[in-house]
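The values are calculated or read from the model by the stated rules, or taken from the named source; none is laboratory data. The structure displayed is predicted, hence computed values, not measured ones. When we count neighbours, we look across all protein chains shown, and the Cβ atoms used for this are built from the backbone with ideal geometry, even at glycine. Ligands, DNA and RNA are stripped out before the accessible areas are found, and what is left, the full protein with its side chains, is counted by its heavy atoms. Shrake-Rupley method; radii C 1.70, N 1.55, O 1.52, S 1.80 Å.
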Amino acid sequence: MIKKFLKRVLRKPAKTRLVGNAQVIPFRQHGVAREQISYGALRVTDGLQAAGYQAYVVGGAVRDLLLERIPKDFDIATDATPEEVRRIFRRARIIGRRFRLVHVMFGEDVVEVSTFRRMIEAEDAETDEHGRLLRDNEFGDQEQDAARRDFTANALYYDPSSQEIYDFHGGYADTRNQLLRIIGDPAVRYREDPVRMLRAVRLSAKLGIKLDAGTAAPIGRMKSLLDNVPKARLLDEVLKMLLSGHSLECIQQLRKMNLHHGLLPLLDVMLEQPLGEKFIMLALRNTDERISQDKTVSPAFLFAALLWHEVLAAWNLRVRQGIRPVVAMHEAMDEVLGKQRAQLAIPHRQDAVMKEIWLMQQRFEQRSGQRPFRLLEQPRFRAAFDFLLLRCASGEVDDQLGLWWDEFQDAATERQIEMLQPDTGGEKKRRRRKPRKKSAPETVEPLPAVD
Ligand code: ATP
Ligand code: MG
């Protein structure tokens, strides 16, 4: 039976048909089956359609399925208003004030449902003085909804009942050709929303597809528009990049397009120092690996890594001026975080964690008396230790230090006591051991021992 069916299907050339301005691509051509859609998303589209509404899976999920990737989530677009959606599902709530969406819950699974929107005509649009759209929340029809989306690959509508894809902007062909192309005039679309320039970088890096030449061209001259985007939104986008599982490619691409200045202004400086560059690349690779293994990644750890060499430089400068090392470290941290905050709104609660990680780096140098035991009890010991390993791997500190802590943290108490180094602070010495040879590289001074 199945064989017969496949034969018939494979022999027949798949035809697309035109419905209004949409090219409708049949299952036979695209091959995305209903079973590939999440249970929750199917319940939502089936529920809405049974109630007489249109409902499609849209955006990143359709694109990812066509590229044979596992979608992060399944978003639904419908012509039902948020209130109408809420009435259909038992566990649904409307979120957002200006841009109202509905979250429909199925156990752990949350399906985001948005009503078709339209782009407001240029003359009626509410923009800031640089042309950035301030409002994008008028309801519209499916075609209008497609036109306001960013990339052609993100504007494909999949109907799980018919297994057809509705394509208004040639996104199907682009996706098949591994091309990310903006809808409409790139310059206009970037002016409306400069974050699209970053999305172009992130999505092409994450999906490993090419950015269309016309889509990439205006970015160089328009990047200053990013200065005008609310900082919280920039932070969101930068976090998406860093946590995309392809942070290395994203940062490399940002640098290539000279886009990183407005985001992580300190990144330039760091990347110019050979050790700084190595450290950041290792931190990013490490993050990408953790994400691919489904491990958690803390944004604070990442930002701490991105800013570390800047902190070191500011700290070194002060120590050379004769400021006490601990005081110098506090001043250095505040200076770097202050400068960074002018560009990217890293939340204060992350600051505290970053500072803890940084301050603990000094304490790793101390391996005598009670100090190592006290350090082990710190709640962020693990993060600080992982950070130390990155410093070792980048050549900033001797590998021996990382190895010592690696063994010490899991060793039996007897062995731990045996490992302690002679106390130079005047406490009673337990054992004499040869002092560790320091082999800090010439560009970075070793951190002093402080408690
Ligand atoms: P990801 O896999 O990272 O979630 P995504 O494309 O799904 O990628 P979302 O931020 O979840 O990204 O956005 C969902 C959809 O909303 C996009 O596919 C796109 O159609 C639309 N969209 C998001 N941001 C913009 C924007 N700045 N301008 C226009 N459309 C956008
Ligand atoms: Mg998405």
Placing +1 on each Lys and Arg Cβ and -1 on each Asp and Glu Cβ in the chain, then taking the dipole about the Cα centre, the residue among Ala345, Met197, Leu242 whose Cα reaches farthest towards the positive end is Leu242
Helix 2-11 versus the longest principal axis of the chain: what angle, 0 to 90°, nearest 10, using Cα atoms? 80 degrees
Over the chain, what per residue volume does the convex hull of the Cα atoms give, in whole Å³? 193 Å³
Cα axis of helix 399-410 to longest principal axis of the chain: angle in degrees, 0 to 90, nearest 10? 80 degrees
Kindly report, to the nearest 10 Å², the accessible surface of Met105 as traced by a 1.4 Å probe over protein heavy atoms only. 30 Å²
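Report in % the part of the accessible area of the stretch 36-190 that belongs to carbon and sulfur, leaving out ligands and nucleic acids; probe 1.4 Å. Numbers along the way, then the final one.
Details: 3200 of 7180 Å².
The computed percentage sits at 44.
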Kindly sort Arg318, Arg86 by accessible area of their heavy atoms, largest first, with the probe set to 1.4 Å. Arg86, Arg318
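Provide Asp227, Asp109, Asp399 ordered by accessible surface of protein heavy atoms (probe 1.4 Å), highest first.
Details: Asp227 115, Asp109 55, Asp399 90 Å².
If we order Asp227, Asp109, Asp399 from most to least accessible, we get Asp227, Asp399, Asp109.
Pairs of alpha-carbon atoms within less than 8 angstrom and 6+ residues apart define the contacts here; what relative contact order does the chain have, in percent?
9 percent
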Of the listed links Lys72/Lys339; Lys223/Lys295; Lys295/Lys355, those spanning more than 30 angstrom between alpha carbons are Lys72/Lys339; Lys223/Lys295
Using θ = phi - 60° and the Karplus form 6.51 cos²θ - 1.76 cosθ + 1.60, what ³J(HN,Hα) does each residue of the stretch 362-370 get, whole Hz, x for Gly and Pro? 5, 6, 5, 5, 8, 10, 10, x, 7
Normalised by the empirical 2.2 N^0.38 Å for globular proteins, what value does the Cα Rg of the stretch 265-420 take? 1.06
By how many degrees, between 0 and 90 and to the nearest 10, does the Cα long axis of helix 231-242 differ from the longest principal axis of the chain? 80 degrees
What number does the stretch 307-361 give for Rg over Rh if you use C-alpha atoms and the Kirkwood radius? 0.97
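Under a 1.4 angstrom probe, counting protein chains only, how are Lys206, Lys231, Lys223 ranked by accessible area, largest first? Before the final figure, lay out each step's value.
On the way: Lys206 35, Lys231 85, Lys223 65 Å².
Final ranking, largest accessible area leading: Lys231, Lys223, Lys206.
Against the empirical 2.2 N^0.38 Å scaling, what ratio does the C-alpha Rg of the stretch 14-187 come to? Walk me through the numbers before you get to the answer.
Working: Rg = 16.0 Å, N = 174, 2.2 N^0.38 = 15.6 Å.
Expressed relative to 2.2 N^0.38 Å, the Cα Rg reads 1.02.
What full-extension length gain, to one decimal in nm, is calculated for Leu376 and Ala125 as 0.36 nm per residue of separation minus the Cα-Cα distance?
Gain on extension, Leu376 to Ala125, equals 84.6 nm.
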Please report the spacing between the Cα centers of the stretch 32-98 and the stretch 231-258 in Å, no decimals. 27 Å
How far is the Cα center of the stretch 313-343 from the Cα center of the stretch 125-155, in Å? 44 Å
Using just the helices of the chain, give the 222 nm mean residue ellipticity in deg cm²/dmol: DSSP H runs with n ≥ 4 each add -39,500 (n - 2.57), and the total is spread over all residues, rounded to 500. -14500 deg cm²/dmol
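Treating only the Cβ atoms of Lys and Arg (+1) and Asp and Glu (-1) as charged, compute the dipole magnitude of the chain about its Cα centre; round to the nearest 20 debye. Provide the component values of the computation, followed by the final result.
Working: 73 positive and 64 negative charges, 265 e Å.
Once rounded to the nearest 20, the dipole reads 1280 debye.
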Provide the per-residue ³J(HN,Hα) series for the stretch 318-323, in order, calculated from phi with Karplus coefficients 6.51, -1.76, 1.60 and θ = phi - 60°, each as a whole number of Hz, with x at glycine and proline positions. 5, 4, 5, 7, x, 6
